[in-house]
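Enquirer: Mind having a look at this structure? Questions to follow.
The values are calculated or read from the model by the stated rules, or taken from the named source; none is laboratory data. The structure displayed is predicted, hence computed values, not measured ones. Neighbour counts are summed over all protein chains in view; Cβ atoms, including those assigned to glycine, are modelled from backbone coordinates with ideal geometry. Remember, those area values only see protein heavy atoms, side chains included, never the ligands or the DNA or RNA. Shrake-Rupley method; radii C 1.70, N 1.55, O 1.52, S 1.80 Å.
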Amino acid sequence: MYSIALLLLLLLSGLTTPTEAGEIRQPWPMHKIDNDFRVANSLNARDVNGDGWMDYSVIDESLGLQTVIFHPGTNGDVRQTWPKVVLAKTGHPEYSCLGDLDGDGNVDVVVVDGDDMSRGLQTGVRIWWGPPRDQVTNPTAWRDAGHIPGTDGLQYLYAECLDINNDGALDIIVGGRRHAVNKQYAGIRWLEAPRDESRRRDLAQWKIHFIDEDALSGHGWVIADIDQDGDSDLVDANADWDTSEWDEELYWYANPGPGSPAQLKPWPRHSIWKSTQFYAKPQVGVADVDGDGLTDLVTQTQNFVFLFRKTSLEPVTWERIAIQKPDLIQWLGRPIKFADLNGDNRIDIVGALIHNDGNLPKDKAAVFWMEYVGDKPGTDWRINVIKWSDGANTRRQFVGEKWDHLLFSDVDGDGDLDIVGNVEEHYVSDPRTRSARSFFSVVWFENPLR
C-alpha cells in the first residue's frame with residue numbers, strides 16, 4: 001500500500017490513484033509474472049530453455065532493460081513471480097523477439113533499439129546470440145553481437161523472426177516510424193540471413209530488403225497468408241502519431257513468392273480500408289472467424305470493432321462489418337486478436353484498452369473478450385470482461401494503464417487458453433526518492449471458462 005506521505009502528495013497534486021490491483025476482484029484471476037518493469041514494452045514467445053513451456057522476451061523502454069522471462073516449468077509455481085535474465089541496459093529499446101538465427105539450436109534475441117542521445121546510443125537492430133539451454137539464466141553466457149550494419153539511424157517499433165524466403169535460415173522482419181531527428185522512415189523491411197550457417201554470425205553478411213520503404217508506420221503488423229497461396233504475406237495498419245488522418249489505412253502486402261527475385265523488391269500493396277478513425281499504432285488480428293476457409297481480419301477504433309470478412313481470393317476482397325462498441329469498451333484501444341477462449345470451436349475476439357492522457361475510467365473493461373451471438377459472426381456480439389480498469393487518472397500523457405500485447409498459451413497446463421499480457425506506463429513515481437513503482441507490468445490471466 002502507499003505511504004501516507006505519498007498519498008497526500010498525490011492528492012495535493014490533483015492526481016487520482018488507482019486501487020491496488022490485488023484489491024480489485026477481476027472476472028479472470030490476474031497473476032503477476034514480473035512487476036519490475038516501468039514501461040514493459042513488447043511481448044514475444046518461444047520455448048527458450050527447452051522445457052516445453054513458453055518463455056517471453058520483454059524490454060523496458062524507460063529503463064532500457066532487455067530481458068527474457070522464463071516459465072517456472074512443470075513443477076514451478078506460475079502464480080508467483082517468474083525467473084528472468086537481464087541481458088543488458090541500453091537506450092530506449094522498443095521491441096524484442098526470439099528465434100534461432102544462427103542455426104546452432106539455441107534461441108537468440110533480436111532487440112530494436114531506440115535513441116538515447118545522452119548516452120551516445122543509436123537506433124538499430126541488435127542481436128544477442130543465445131547460449132546452450134542449461135545456461136540461459138546466466139546473463140554472461142549471452143553474446144551481444146551489436147547492430148546489423150545498415151539498420152542504424154532508423155526508428156523501429158516491431159520485429160518478428162521468420163524464414164520469409166524458405167531457404168532454411170531464420171530471417172528478421174522489422175517495421176517502424178519516421179525518425180524524430182533525421183526524418184527518415186524505417187518503413188517495413190526484412191533482413192535476410194545467410195543461407196550458410198557458418199556466415200550467420202557475421203552480421204555484415206546479412207542483406208536488407210524492403211517490403212515497403214515508405215510505410216508510414218510499421219507497428220501492429222501481422223504475418224499471415226492473406227491470398228492463401230502458401231507463402232507469408234503481411235497486414236499493417238499504418239496510423240501513428242505523425243500520420244496524417246487522410247493517410248491512415250489498413251492494407252496488406254502480397255509476398256511475390258519465396259526465393260523469387262521479386263521478393264527482394266518492394267511487395268505489392270493492397271488497400272483494405274482507409275479511415276480517419278484510427279488511433280496511433282493500431283493492431284490487427286487474423287483468423288478464419290466464420291469457418292468458410294477464408295482468413296478474416298479484425299481491428300479496433302475508439303467506437304467500433306471492425307471485422308473484415310474475406311469474400312473471395314481472386315482477387316482478394318473484403319466485407320467490412322462495423323461492430324458498435326458498447327460503453328463498457330468504448331475507449332481508446334490497441335491490442336486486438338482472435339482466439340477460441342471458451343473452447344466452443346467458435347472464434348472469439350479478444351481486445352484491450354489504453355489510457356487517454358492518463359485516464360482509463362474504472363467502469364471500462366480494460367481487457368475483454370467478445371463472442372458472437374447467432375449462427376454467424378455479424379454485428380451482434382456479447383461483451384465479456386476479463387479485467388476492469390484500475391480507474392487511474394494521472395492526467396499525464398505517458399503514465400496510465402496501457403495494454404500493449406496479448407498472447408495466448410495454456411500457462412497452467414489445465415487444457416485451456418490463458419492470456420499473457422504486458423502493460424506500459426502503469427506506475428507511480430515517488431519524488432522523494434526519484435524512483436517509480438509499477439502496479440503491474442507482465443501478467444497472465446487464468447482462464448475460468450473451462
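Enquirer: What's the Kirkwood radius of the chain in Å, using all Cα pairs?
Expert: 22.6 Å
Enquirer: Cα-based Rg of the range 94-148 per 2.2 N^0.38 Å, rounded to two decimals?
Expert: Rounded to two decimals, the normalised Rg is 1.21.
Enquirer: Distance between Cα centroids, the range 168-230 to the range 62-134: provide it in whole Å.
Expert: So the two Cα centres are separated by 19 Å.
Enquirer: How large are Rg and Dmax for the range 211-288 when only the alpha carbon atoms are used, in Å?
Expert: Values for the range 211-288 (Cα only, Rg and Dmax): 12.7, 38 Å.
Enquirer: Name the aspartates and glutamates eligible as straight-distance cross-link partners of LYS364: C-alpha to C-alpha under 12 Å, and not fewer than 8 places from it in the same chain.
Expert: Excluding near neighbours in sequence, the set is ASP327, ASP390, GLU401.
Enquirer: Give the relative contact order (percent, whole number) for the range 205-323; include only Cα pairs under 8 Å separated by 6+ residues.
Expert: Computed over the range 205-323, the figure is 20 percent.
Enquirer: Then there's this: Work out the charge dipole of the range 288-407 with +1 on the Cβ of Lys and Arg and -1 on the Cβ of Asp and Glu about the Cα centre, then indicate which of ILE383, GLY343, THR295 is farthest towards its positive end.
Expert: Most positive-ward Cα: ILE383.
Enquirer: Kirkwood hydrodynamic radius, the range 149-202, all distinct C-alpha pairs: what's the number in Å?
Expert: 12.2 Å
Enquirer: Expressed as a whole percentage, what fraction of the accessible surface of the chain belongs to carbon and sulfur atoms when a 1.4 Å probe is rolled over the protein heavy atoms?
Expert: 48 percent
Enquirer: In whole angstrom, and with the biggest value first, how far do the Cα coordinates of the range 335-408 range along each principal axis?
Expert: Largest first, the range 335-408 extends 44, 22, 16 Å along its Cα principal axes.
Enquirer: Taking a temperature of 25 °C and a viscosity of 0.890 mPa s, what whole-number D in µm²/s does Stokes-Einstein yield for the range 64-213 with Rh from Kirkwood over alpha carbon pairs?
Expert: So the translational diffusion coefficient is about 152 µm²/s.
Enquirer: I would also like to ask the following. For the chain, calculate the relative contact order in percent as a whole number, restricting contacts to Cα pairs under 8 Å that are 6 or more residues apart.
Expert: It rounds to 13 percent for the chain.
Enquirer: Just reorder GLU61, GLU425 by solvent-accessible area, largest first, 1.4 Å probe, all chains present.
Expert: Result of the area sort, largest leading: GLU61, GLU425.
Enquirer: Between their Cα atoms, which of LYS362/LYS402; LYS183/LYS281; LYS84/LYS387; LYS84/LYS281; LYS207/LYS337; LYS207/LYS265 are more than 23 Å away from each other?
Expert: Beyond 23 Å: LYS84/LYS387; LYS84/LYS281; LYS207/LYS337.
Enquirer: Report ³J(HN,Hα) in whole Hz for each residue of the range 438-448, in order, from the Karplus equation J = 6.51 cos²θ - 1.76 cosθ + 1.60 where θ = phi - 60°; Gly and Pro get x.
Expert: Once θ is set to phi - 60°, the couplings for the range 438-448 become 7, 6, 6, 10, 10, 9, 9, 9, 7, 5, x Hz.
Enquirer: Roughly how big is the range 298-375's charge dipole about its Cα centre, with Cβ charges of +1 (Lys, Arg) and -1 (Asp, Glu), in debye to the nearest 20?
Expert: Computed charge dipole of the range 298-375: roughly 240 debye.
Enquirer: Per the Kirkwood treatment, what hydrodynamic radius in Å, one decimal, follows for the range 264-413 from the mean inverse distance over all distinct Cα pairs?
Expert: So the Kirkwood estimate lands at 16.4 Å.
Enquirer: Ok, one more. Starting from the Kirkwood Rh over alpha-carbon pairs, what translational D in µm² s⁻¹ does the range 171-249 have by Stokes-Einstein at 4 °C and 1.567 mPa s?
Expert: Once the numbers are plugged in, D ends up at 92 µm²/s.
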